[in-house]
Structure formats: structure tokens, C-alpha cells
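Q: My questions will all concern the structure given below.
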Amino acid sequence: MEIPFIVNARKDTGLFNSKVGIWLFLASEVTLFGGLFSGYLFLRLYADYPWPERALPILPGLINTFVLIGSSVTVVFAWAALKMREWRKFQVYMAITLACAGLFMVLKGIEYNAKFGHQAVRLQGGGPVQDNAIVEGHLHYAELNDKGLMVEVDEGRKKEDGVFKANRVLVKASELTFVLTRPTHEAYVKEILRQAGSNKITLAESYRVIDKEELSKGEMNRDQLTASESAFVRKEGEELTIELLDQLEDAYLEARSHDRKIRTEFLAASWDWIRNEKGEEEASTYIVEKEVWKDRRAEDAEKIKILSLRAPSEVTFKVDPPFTLVFEPADLVNKVNVGDSSAKLRDDTLVSGEVLKSPMIMGVDALDFRTTAQRAEAEGLDPFPVIEGTWLLTHRAHHDGDDDHADDDDHADDDDRNEFKKIWDCHMAWLKAETERLEKKDRVPALNDKYRVNWDQILAYRDLDYDVEKVYQESKARTLKRAGLFDLDGFAGANHKIHKGKFPHLEIPRANVGFESTFTPKWNTYYAIYFTITGLHGLHVIGGALVLGYYLFFGRKMYESNPEWLANRVEVGGLFWHFVDLVWIFLFPILYLM
Amino acid sequence: MAGSIEEIKKAKKLYMFIGTLLFFFTVVTVMVATVEWLDFGDHGFDGVDATIGLCIAAFKATLVMLIFMHLNHERPLIYFFYSLGLVMAFFCMWLIGWSKSDPIEFGNESYSDGFYDLSKPATDVHGRGAKE
Amino acid sequence: MSADAHDHHHHVLPWWKKYFFSTDHKTIGIQYGLSAGAFLLFGFFLMIVMRWSIAYPHEPLPGYMSWMFTDGWKARWLDDGKVTGETYNMFGAMHGTIMVFLGVVPLGFAAFGNYVTPLQIGAPDMAFPKLNMASFWAYLAGGLVMCMSFFMESGAAKSGWTNYSPLAGYADKQIVNQFLAGQTQWLIGLVLLITSSLLGSVNFVTTIIQLRAKGLTWMRLPFFVWAMLVTGFLLLLAFPPLEAAGIMQLMDRVVGSSFFMPSGLYSASSGGAMDLSGSGSPLLFQHLFWFLGHPEVYVLLLPAIACVAEIIPCNTRKPLWGYKPMVWALIVLGFLSFIVWAHHMYLTGMGPVISTFFQTTTVLISVPSVILLTSMIISLWGGSIRFTMPMIWAAAFLPMFGIGGLTGLPLAFNLADLHLHDTYYVIGHFHYVVAPGILFGLFAGVYHWYPKMTGRFMDNFLGHLHFWPSLVCMNLLFFPMLTQGMAGFHRRWYNGGEGYIEKGAEGVNVFGLTVAEKISLNEIMTGSAIALAVFQLPFLVNMFISYFWGKKVTSDNPWDATTLEWATPTPPGHGNFTFDPAIYRGPYEYSRPDHDSDFFPQWEEPKRDAPAEEPEGEPEKKTTEVS
């Protein structure tokens, strides 16, 4: 059996099978990306926060556009070469296409990687709009000192044991309570045990489940049963291990099954009883349970109490002496404040003790007050005074203790402004110059210019020693150093390696952290849609490259049996490749430029 | 479809030209977005720039479809498939957009579809608290 | 490849390639049919448990329903043997999902479509046999992933088969590894299913367009093939937006994005604001869901109508009345089905203008549906009907689907929908369409093509024992729903509305009164559901015993039908046809006055002296020089 029209076109449609197939597939791809673009459009139009315009460095996207367009040309050349039966040329063009695909994915990887390591925090504080200032930057690193408190360490030590990113929540744990119906918390237990090191976490109270066979014999009373040999016992003081927890879980689940089974049997017996007693008709009236059976159910409840094992569903471990556990904020089910007596993990494990001071420490490479401004305007307030009143611009840098950061010693004077206020003042000077310049052209500065201070601006202001007058003059003369489109040090955003130590240091108390995330889909809907669409597009690139690569490396046999067959296949693969290019043609302006 | 060797040779020149055109328009798009003397509208980036950028993108996409994907000379069936996809994607966007932009109105208050509308004074119409 | 080599190759196929990883469209069709049947039974079982909870909310599940659960499972999901609200939600969500995505669509479109379509168009196989196989395995994997979650700590998905955010974006968040949460697995399963149906629909449309036998022009296509073509397009273009939505929701769950999570969400479990960026749009999910959801209704329906449209002309011995209008109605129906979706969302706060738009298109779409149904009813007129087993099912399909369709009209009007939305009326409406409607159509199909698949007829007595009780039970099950719905019964009450009884006694709450009046219907419905389950046994038995001991067919065309699938050997071998099929006339040439017998098959060559009936639009001779 042979399927017709694999190579040659059917006369009335003029097409071979796979061409029909690929165009149908492309039509469905159009609706797939249509759905995604709808998502983008409506999330953007109805966003309740200022949409991040031009949030991405343009250069990688631009290069990728060139790369994809170039590969579109070479793939069509590869097809033409096959049509002209030039195998060598086909190989060359196809190889270039694949190299382009590889380059595209590498650039994508660099971009993604920069985002994953870039932290953003939405601050929260008082004031008419609850602050909502946003700072961006790189997290610093910290470790625990011998008192179990957090101290900052140099970035060079980030790979060492016990060093963690400075956004963690520290809890001085004295008790851990596990819910035994959650066999999925193994990951947490492992992490806790790892952090415990040589510290002991022991069972606070013996866990006993009486033996159900002994119970059913009815020869002993409950106290005897609890003390008897056959009961399941894990003694007080046993150390926490995953195996122990598994055993406790198994024992609990088994006991629960047994208890529920007994209760079910009693309930079923009650229904039989009421059917016999009251007749089918009355038994089916809906309020029967509450009215008729009170006595019967009370009697049953007594019996059930005697017959069931009643194993506790939670088990508590004692941490003695208490030591500090470090959790990722996302592991905690709710926000905690310093001094709270407990923190709950996502799987309902309760960590009792004390929440320690756990500030976020970062090098700041951008300030963003657009949300503050938007909310202020919504309240009918002038944004600038509101911004001046935010926590970020008004807080006093810490100067207590030995581990003081001497960053702004040079500028200390008797100036009581913090570094961010200084940056902001410079920014206002720059904005003034910019506004004046634009006014002459009948234009106004954009929101981005007004309320956002970029990494290159921060560096430029710093270079001028935060001298407001100098900033104004240089801005006016347009000699202020800004990052250009082709500056490689900002290729994938602010570069903390090249500009090490130049970005201002910020310590945010836990109470002022409103929402924090790296620049991943979690940060806002823009990054969510950016990662989703480009990720899917990247998968298409990989898929297309695999297919084209197959033709390049394994197509020789097909070429020899029938060159037209391979030419058709490459045409079909090429159509898909062009479509991928076509999607990117829209993605580039939408995600990078708008 | 280009069949003979001559036609393909001729087509190759066209592909080269289109490729160059695509490069060129990419550069134009970036300039519209970044260079001040090519910036439209009253400030840095705004609706006008967006429209121009998307128009250029649409033009580029059309070139790719017509020349690289050979839609300038294709079989009717293929136009049918592809336009069906485009039409459905259009319906998807258009009707969702219409649904979202058609609020139920009571006097001056409009109840749109549950977005937290910050352009309006915070009167807490959705009962979720004006302040976060 | 030469013919000899090919035959040789065919014979040495190992058993696992022949029955499991087969690329033959008939095997794949049967694989689809069997797995879809298994999923249907499972979904049916979930429904019976739910119905028990509705009628007897205080009574433990009876032994014949709960025997298959382990004690541990029962302890987790049943409250002293009674169904809890959580379990009810889980079963409800999975019942809907399984029935729609894993049961009816694969049975109608994939099983029947795969088996019958290539035969009817004279093709040796589907255009892309390997894709076809991949499609089946993606489907099975998706289905198993979804159902596996029943046995996990989180349980299966519980947020309704529509999976609306923000509920579905947050459910099961206590599970540390989100890939082990039922709600996430539902999404992964869904993405696999969508992949499967994309592969399938590309394959179907390509096959129908490219592999038609010579002479099989568009208006000579059997109606079944037309229906498959339109269904293919529906799946092809409607599913991707849901795939997009599914991926976005997956992102919401796994990496914590806020596509569908609005600002200012609080959760009781954390006792505070949720750790989300917010600014997402729950309604966007609903839009993208129903962009698929509505065409999906026609994906369910069209294969059933297609089966019935094949069976009616064959058993009335009379051409299908209005074949061409039916085809055009089908195309219009397919097109319109894309722009009616928001009638599922009248209560989401859409404005009056857009509501009116969707109301208009929704009412418009009833026109082609009525054309289809009416044409088939008129086809009965003046025919000498043979009440064979398939015909009985097909005949019952017509009024049942009629009730289903007509009860949908009030839901199309946004004012009436304000009252009826989310009540049992909606449930009654679409179950009338799907259960006694679509499933009856598909049962008809099973009885009709069983002889071609196996070479034996299904037993008539067992068939009647299956049909009549099913008809009665279906109506006793679904008609009271319409009444209850109008009395205000909400579709998601796990205790059947019992909470309103006390209110009813005080006479304060108007729903309390109406609910008290209609609540006893619950027991009738539950009884019918159980009886319905019992009376599916004859069918299962019939399928099984007929395969071994059924009456053998005496010819390749036992029903004296005209379409091309009856020209193949019984059962058809690999490659289907023993001759090169050519088509000379339309699909339903029954009782032609100028012909001797009362049917004139499409493939039968005209007599020499008869008026010329040349194959038109003959494609080029098949070229098979490729090895």
C-alpha cells in the first residue's frame, strides 16, 4: 500500500500532501499566536500598573531579528539549491540556517539569564499611596553569624556553603509541626535537615497508635492498649529523619482509614435501622438526620469513640537548642513580620519560634516611581511630593554596629539625605534640563523619563558626585554620559560585574517589602507574557531547527532516491521556518520597542 | 510555483532583495523607537510610534508571506486555509476586545469587566478596597 | 516498494506493531473507540457517585459504588462514607472533562472518523499515518495524566471542567511540587490532548482533500465526510487559543505569574494578600476557553449527526433529503460556531451591546442546526423504513436532539439566561444534546459499522434490551433537570439543594419554596441514572459476544448501502481496497427508478447503454515511484 501524492501534486488541488498539512498547521498556529497576542493586548490595555515600556535592552532583540531574517533567506536558498539539484550548496545554506537558529537561542539564553538574576522589589510603606516605589538591582549575599543572625558577605563567596541570597526569611525555630496528611513535603524536610547540620531536631512527645487488632479483641482498656507492646510507638526524643516522618505518616493514614471505616459502618447501620423503623418513605425526607436520629447518633458516637484508634494528625518536633532556619519567601504561605512567633510553610508545616530580622540587601540599579505616580494621580495628588515622601527617599541608612557599609562616606558631610534622595535630586535636575530642551520642540518628556531612573543615569550622577548643579549643566549641554544602543556593557541590562560596587547599597526591612521577585513571569504580567510568548517561540525555533537539521544530516538518502521529495520536504520545513520568522517580526517591536 | 531553473535563478535575486528590504525596515523600526529626529508624537514613545512600528511589522510580515512563503502565487486552497486562520484569530481579538470595552453603565458609574481601573477616582465600585 | 515486498512486509508485522503501535487508520480508530469507551464508563461512574450524593447526601455510598476505592482513599475523600463537597467538586470537574475531552470527542471524531473516513473516500490510509498514531498516543497520555491525579494527595482537578481562574490558578497550592497537583496535571493533560487533536485534525483535513478517489467530487462526498471535514477545521482553529490559555494558566500555577489573577486577591489559607503581582484578567481565560468551548460543542455533535445521516438513507431506502442544503448548513454552522462563544458568559458583566451581538449570532446558528435536523426528519417521509438496530437508535436521536436543541434557545437570550444561568436547566439542556442525542447517534454508528469492522452483526435482542431502557432512563434522568432548573436549582449543589429546605419551611426564601417542591425529583433521577448504568451492560455484552458468536455477514455490503466503505473486504485489510476505487455518482442513490436494485452504489460502473456517468475531475494516476 502506498499513500498517493507524497511527492507529486494532486491534479485538482495542485498540492502534495505535506504542503496541505503544513498550511493547515500554520493556520492553527495563527490562531495559537492570535490567542497569545490577544492575551498580550488585553493584559496591556487593562493593566492596573504602568506597563513597562522598553523594559528590555534592544540590542539582543535586534541582532536576533537580523539572525532570523538572515536564516529565512538562507532556508529559501537551500530549497532553491535542491530544486537546481546542487547538494553542496544546499548543505552550506542549510548549515548557515541552523547556525542562525543556534545563535538565536544563545542570545535568548543570555537575555533570559540576565532576567533570572535581576531582582525587583515593590516597596510598601505609609503615605497616601502606600509607597509602591520600585527598586531594581542585584541581590547581595549573606550568611548566618554564630548568633544565628544575618550578616552580609562578599559576592565572591556566593558558592560557599551556608551563603544565601539576601532576600531570605530567617526564623529562629524552636518547634516544627508537620501535618501528617501531606506526604509531599519531603523537599522541605530535606532542606530543614540540611540546614540543621549537627543541631538536633527531636520528637517532642511520643507518638502512639494503639493496635487495631488488640482493640477489636476488647480485652484491655485504652490505657493498657496505649502502653501495650503491640502499639505503634515512636518515642519522644527520636531524631527527625525522612524515614521517621514516613513511618508516622503511614501509621497515621492507616489509623485514619480504620477510624473512617468504622464510622462509615456505623452510619450505614443507622440508615438500615431508620429504614426498618420509620419506613422508606420517611427515611428519605431530607431533614431526617437532625430530627429523628439524635439519640441513635449519640449512642453511635460513644461506640465509635471506643472503637477508633484516634491517632493525632499532626506531629511536633522540638528544636533544642533553637537555631536559625533560612527560607525562601515563596516557601512561606503568608508574609511574616519580624518578631512573629511562627511562620507557616506552603504545605502547612508550622515553624514556631521567632522571625528574625531578615532585610533584603541589594545593589540598586534603577528606581522606578511610575506606579507611585500613577496611584498618586488616581488620588488626585501631585506625584512629585508623594514621591519625595516615599520610604526609599526618606529612610535613614543604617550606621549601627561594626558591619557598617562605608559606601557613602565620601559624601557624608553633614548632608542628611540618603543616597537615593541624592540620586533623585540629580534626576530632577536632569529632568528640568530635558523638559526645557523638549519644550522648544513642542514636546514633553515621557513617563519613563519622568519617574524612572535608569542604571546609566545612576552611574552618571554618581560620577558627578551627585552635584545637582553639575548634572543640570551637563544635561543641558547634553554631555551627560548615557548608555547608547550599541554599548556592550549594557548588552543584557545593568552589568553588575563591570560596574562592581558602583551601584548604591540598599537594605530593605522586611516590613517594607511589598512584593518581590526576580524579573521572571512572577514580577508582572509584562514579564509573564514576554516569557510565555518568547518561550513558545523559542520552542518553535528548536522544533524547526530539529526538522531542518534532520534534512541536512539524514536527507542524503531521500535526495538520492528522489531529489524532488527532499525539495518538497525542505519547502515544507522552510514554510514553518518563515512562519517562525514572521512571528518574531511582530514580537520584536511589541516586546522590545513598545 | 517556480519550476524551471531560470525562474529559480531569477527568484533567488528577488529573495536577496527582499532580505535586504527586511533588514532595512528593521533598522527603520528601531530608529523610530530610539532616534529623536525620527520620533513621532509628542513624547518619546506613544501611540503614534506604536502604530508606525506595527505597520512596518505588518508590511515586513506581508513581504515574508508573499515572497518567502510564495503566497504571491499559490493554490486557492492555501489562501483559503490561511485566511481562515487569520479570520478566526481576528475574531478572537476583536470580540474579546469588544466584550471588554462594552461596560454595563448605571448613570455615571461604569462597571467594566472587573479590572481595577486606576484612571477613575477610587470609589471602590468593586468593593475590593481602593487602597491595595 | 514493489507489491511483493509490501505484502511480505505486511505479514511480518510483530503483534505489538499490529495492535498497539499500528499506523493503520482502522486499528487506530478502534484503539480510539475502546479507550474512549473506557473513559466514558469511568466518567459515567463518577456521575453516579455524584448523583448519589445529590439524592442521599447523608447516606454513605452503597457498597456497589464504593467497593473499588481503597480504605485509604475513602478516608481521604469521603466523610464517613458520604461524598463531601470537595469530592463532589472533584468528580464534577473530572466528569465534565472526561466526558467531553476524553470520551465523546475521541469516540465521535477520532474513532468513527478514523475508521470510516478513509474508507468512504477510497483512500488506502490517512495522509500521515505516523502522525495519526502519535495523535492517539498523545491523547491516551493526556487522559492518563489527568486521571492519575485521582490517586494523589491533592486529588484530581476540582475547579469545574471549565477550569476558571482565579480558583483554578490557586487550587492545590499546598502541594510543594506543583507538577504533582491535580489541578496542574489537568493542564498538562489538556495540552497533550490539544496536541493530539491538532495532529488529528491536520491529518483528517489533508486526507479528505488529497486522498479522495477519482470521481469523488465535493458534492459526491458522503455527508459523513463533510461533517468530518468541518469538524477537522473546528478543532484545528478553535483549540489553539485554549492551548494558549492552558499554557498561561500553567505558568500561573507553576511559576507564579498573574495572567488570570487580578490585583488584590486574598486567600483564606494564608490569611492575607496573595504573593502575586496581580493585574491579570480572569475573564481573559473565560474568553479563550469558550473560544474553544463553543466550537467544541459542534465537534461533539457533528460526528453523531454524520452517523445518523448515513444510517437514515440506508434504512429508509431513499436519498437523504436536501443533501446540498445540509452541506451548506454544515459549513455555515461551522463558521458561525466561532462567533457565538460569549453566550456562555452573559453573567460576567458584558455590556448590552456585545451581549446583543452574541445573542444574535447564537440565534442565527440555530438556523443551520434546524436545517440539518429537519432535513433528516423529512428524509423519513415516505420511506419504507427498515427498523434495524442502527435505525432505531438514529430515529431516537432525532427527537432527543430536538429537545436538546430547543431547550437551548432560552439560554441564547441574555434576559432569560439571567434566570437560567448555572442552574440545572443548563445541565438538562446540554445533557439532552450530548447523552440521548450525541451518544444515541454514536451508538447507531457502532451498530451500523460493527459488521464492517468484525464481519458479524450485533445481536438484535440485546440491542433492544439496550435501547428501550436507555431511552426511558435518559428521559427520566434529564427531563426533571429542566424543571428543577427553572425552580432555581444551582448546578453545583453537592447535596441536591437540601440547604434550602429549612429556608423553605420559614417561607422567607422564594428558592426555598421552589426547591422544597422539586427536591424529591432527585431520587427519581438518581434511580434512573443507576438503571441507565445497568442497561449499558447488554451493550457491553453484545459487543463482546457478537465478536465471537454473532451472526456472520453474508456479503461485504450487508446493509445494501451505497457508500464506498461497503466496497471493501470485511474486515478491510491493510490498504483497504482490493481494487482501484472510482466513483460514478452521488452518495445516496437509493430506489433509483432506472436501476434494477433499490440501491446504486457509488462505485458501481454504469451499464454501457445507460446515460454516461463519467467520473469528473479525475485526478492524475496515482504515482508511487517513491520507495
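Q: Helix check for chain A. Which DSSP H runs span at least 24 Å along their own axis by Cα, with a mean Kyte-Doolittle hydropathy no less than -0.5? Could the numbers behind the result be given before it?
A: On the way: long enough: A:17-45 (41 Å, 1.04); A:58-83 (38 Å, 1.65); A:87-116 (43 Å, 0.63); A:242-283 (54 Å, -0.94); A:419-440 (32 Å, -0.93); A:525-554 (42 Å, 1.20); A:563-587 (35 Å, 0.80).
The answer, listed by residue number, is A:17-45, A:58-83, A:87-116, A:525-554, A:563-587.
Q: Using 0.36 nm per residue, how much length does the chain from C:F151 to C:H419 gain when fully extended, once their Cα-Cα distance is taken away?
A: 92.7 nm
Q: Show log10 I(q)/I(0) for segment A:491-594 at q = 0.13, 0.21 Å⁻¹, two decimals, from a solvent-free Debye sum over equal Cα scatterers.
A: Normalising to I(0) and taking log10 leaves -0.73, -1.12.
Q: Of the options A:V572, B:P76, B:I56, report the single residue whose Cα projects farthest towards the positive end of the charge dipole of the protein assembly as shown (beta-carbon charges: Lys, Arg +1; Asp, Glu -1).
A: B:P76
Q: A further question on this structure: With r defined as the distance between the Cβ atoms of C:F387 and C:F579 and R0 fixed at 30 Å, what FRET efficiency is calculated, to the nearest 0.05?
A: 0.35
Q: Taking 7 Å along the Cα-to-C-beta vector as the label spot, tell me the A:F491-A:E239 distance in nanometres, rounded to one decimal.
A: In this crude label model, A:F491 to A:E239 measures out at 4.9 nm.
Q: Counting C-alpha atoms alone, how compact is segment C:375-474: give Rg to one decimal and Dmax as a whole number, in angstrom.
A: 16.3, 53
Q: To the nearest 20 debye, what charge dipole does the protein assembly as shown have about its Cα centre, counting +1 at the Cβ of each Lys and Arg and -1 at the Cβ of each Asp and Glu?
A: Its charge dipole is roughly 4240 debye.
Q: Here's another thing I want to ask about it. Whole Å is fine, so just give me how far the alpha carbon centre of segment A:63-102 lies from that of segment C:261-326.
A: Taking the Cα centre of each part, segment A:63-102 and segment C:261-326 sit 41 Å apart.
Q: If you take every residue apart from A:T324 with its C-beta less than 13 Å away from the C-beta of A:T324, what net charge results, scoring Lys and Arg +1 and Asp and Glu -1? Mind showing how you got there, number by number?
A: On the way: positive: A:K147, A:R168, A:K172, A:K357; negative: A:E143, A:D146, A:E354.
The answer is +1.
Q: While we're looking at this one, here's another question. Where does the charge balance sit around A:A492 when Lys and Arg score +1, Asp and Glu -1, over other residues with C-beta under 12 Å from its C-beta?
A: After counting each charged neighbour, the total is 0.
Q: Separate question: Roughly how big is chain C's charge dipole about its Cα centre, with Cβ charges of +1 (Lys, Arg) and -1 (Asp, Glu), in debye to the nearest 20?
A: 220
Q: Enter the angle in degrees (range 0 to 90, nearest 10) between the Cα long axis of helix C:537-549 and the first principal axis of the Cα atoms of chain C, meaning the one along which they spread out most.
A: Long axis of C:537-549 versus the principal axis of chain C: about 30 degrees.
Q: Then there is this: With runs of 4+ DSSP H residues as the only contributors, calculate the mean residue ellipticity of the protein assembly as shown at 222 nm using -39,500 (n - 2.57) per run, divided by the residue total and rounded to the nearest 500.
A: Numbers: 45 runs with 734 residues, N = 1353.
Dividing the helical sum by the residues of the protein assembly as shown leaves -18000 deg cm²/dmol.
Q: Report the net charge of residues surrounding A:V169, where surrounding means a beta-carbon distance below 14 angstrom and charges are Lys +1, Arg +1, Asp -1, Glu -1.
A: Summing Lys/Arg as +1 and Asp/Glu as -1 gives +1.
Q: Based on the Cα coordinates of the protein assembly as shown, what is the per residue volume of their convex hull in Å³?
A: Normalising the Cα hull of the protein assembly as shown by residue number yields 212 Å³.
Q: To the nearest 20 debye, what is the magnitude of the charge dipole of segment B:28-112 about its Cα centre, counting +1 on the Cβ of each Lys and Arg and -1 on the Cβ of each Asp and Glu?
A: Dipole magnitude for segment B:28-112 comes out near 620 debye.
Q: Using a basic spin-label model with each label point 7 Å from the Cα along Cα→Cβ, how many nm lie between A:L45 and B:F80?
A: 3.3
Q: Averaging the inverse of every distinct alpha carbon separation and then flipping it gives the Kirkwood radius. What is it for chain A, in angstrom units?
A: This gives a value of 30.3 Å.
Q: Turning to a different aspect of this structure: Which three numbers, in whole Å and largest first, are the semi-axes of the equivalent ellipsoid of chain C derived from its Cα gyration tensor as √(5λ)?
A: Working: eigenvalues 369, 149, 122 Å².
Semi-axes from the Cα gyration tensor: 43, 27, 25 Å.
Q: Let me know the Kirkwood hydrodynamic radius for segment A:362-518, please, with Cα pairs as the basis and the value in Å to one decimal.
A: Evaluated over segment A:362-518, this radius sits at 17.0 Å.
Read the figures in this text as sums done on the coordinates, not as results from a lab. This is a predicted model, so every value here is computed, not measured. Positions of Cβ are backbone-derived with ideal geometry, glycine not excepted, and every protein chain shown enters the neighbour counts.
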